[in-house]
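The values are calculated or read from the model by the stated rules, or taken from the named source; none is laboratory data. The model shown is predicted, which means the values in this text are computed figures rather than measured ones. Please note: Cβ atoms are built from the backbone with ideal geometry, for glycine as well, and neighbour counts cover all protein chains shown. Ligands, DNA and RNA are stripped out before the accessible areas are found, and what is left, the full protein with its side chains, is counted by its heavy atoms. Shrake-Rupley method; radii C 1.70, N 1.55, O 1.52, S 1.80 Å.
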Amino acid sequence: AIQDTAIPEGLCKLNPAGGAIFWFTVMTTVGYGNAAPKTGEGQIFVVILGFISILAFATVAGSTGHVVLAIIDDVFIRLKMERLTKGWISLMFWMSMIVLSMLCVAGIAAAYTSSRYDGDVRPMGELLW
């Protein structure tokens, strides 16, 4: 049944933007599910290279986070705010920053949906997720 819906040979063209979006969703483990390889070989290819790219992405993201945290810690030390670099105070500060950023994104989403859908306002819990 799947092969009945396949694109006839010769009509298939490369789509670099679509391929980049597909691979980004694999690499970041988002996986929207709107595209997937149909052949067994393609599925094996995506699983193997997807696993490698997930590890590479995690390595780059972890290294980037380490560098950013070192810079922020240095700024806090220079501003005589050493308490924000270690312990419970640091944990509470960063957790509050995460919650604040989530609320900002939810507020932007509320403004967008309200302006786009004739004043229809979604509940905050729905906007946060």
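Being open to solvent by 70 Å² or more (accessible area, probe 1.4 Å) and not basic (Lys, Arg) is the requirement here; does Leu128 meet it? Spelling it out, it is not the case that Leu128 is open to solvent by 70 Å² or more (accessible area, probe 1.4 Å) and not basic (Lys, Arg). Among the criteria (1) part of a helix (DSSP H, G or I); (2) of a type in the set (A, V, I, L, M); (3) open to solvent by 70 Å² or more (accessible area, probe 1.4 Å), the one Val121 does not fulfil is (1).
Among residues belonging to region 76-104 that are among the β-branched types (Val, Ile, Thr) and surrounded by 12 or more Cβ atoms within 10 Å (Cβ to Cβ), point out the one that is farthest from the chain's Cα centre (by Cα). So, considering only residues that are among the β-branched types (Val, Ile, Thr) and surrounded by 12 or more Cβ atoms within 10 Å (Cβ to Cβ), the one farthest from the chain's Cα centre (by Cα) is Ile77. The residues of region 34-75 that are small (Gly, Ala, Ser) and either open to solvent by less than 70 Å² (accessible area, probe 1.4 Å) or part of a helix (DSSP H, G or I) (or both), listed by number, are Ala35, Gly40, Gly42, Gly50, Ser53, Ala56, Ala58, Ala61, Gly62, Ser63, Gly65, Ala70.
Only one of the numbered conditions (1) touching a helix residue (DSSP H, G or I) at 6+ places or on another chain (Cβ under 8 Å); (2) surrounded by fewer than 13 Cβ atoms within 10 Å (Cβ to Cβ); (3) closer than 30 Å to Arg122 by Cβ is not met by Thr28, and that is (2). Please verify whether Met81 is modelled with pLDDT under 95 and in contact with a Leu (Cβ under 8 Å, 6 or more places away or on another chain), treating the condition exactly as stated. For Met81, the condition - modelled with pLDDT under 95 and in contact with a Leu (Cβ under 8 Å, 6 or more places away or on another chain) - is not met.
Cβ-Cβ contacts under 8 Å between residues 6 or more apart (or on different chains), taken from a first residue in region 90-106 that is free of Cβ contacts under 8 Å to residues at least 12 places away in the same chain to a second residue that is outside any helix (DSSP H, G or I), are absent. The set of residues in region 22-50 that are touching a residue at least 12 places away in the same chain (Cβ under 8 Å) and within 15 Å of the chain's Cα centre (by Cα) comprises Phe22, Trp23, Val26, Met27, Thr28, Thr29. Evaluate the following for Thr113: is it farther than 25 Å from Thr28 by Cα, of a type in the set (S, T, N, Q) and part of a helix (DSSP H, G or I)? It is true that Thr113 is farther than 25 Å from Thr28 by Cα, of a type in the set (S, T, N, Q) and part of a helix (DSSP H, G or I). Each residue in region 57-78 was checked for being closer than 11 Å to Met27 by Cα and either without any contact (Cβ under 8 Å) to a residue 24 or more places away in the chain or of a type in the set (Ser, Thr, Tyr) (or both), and 1 of them qualify.
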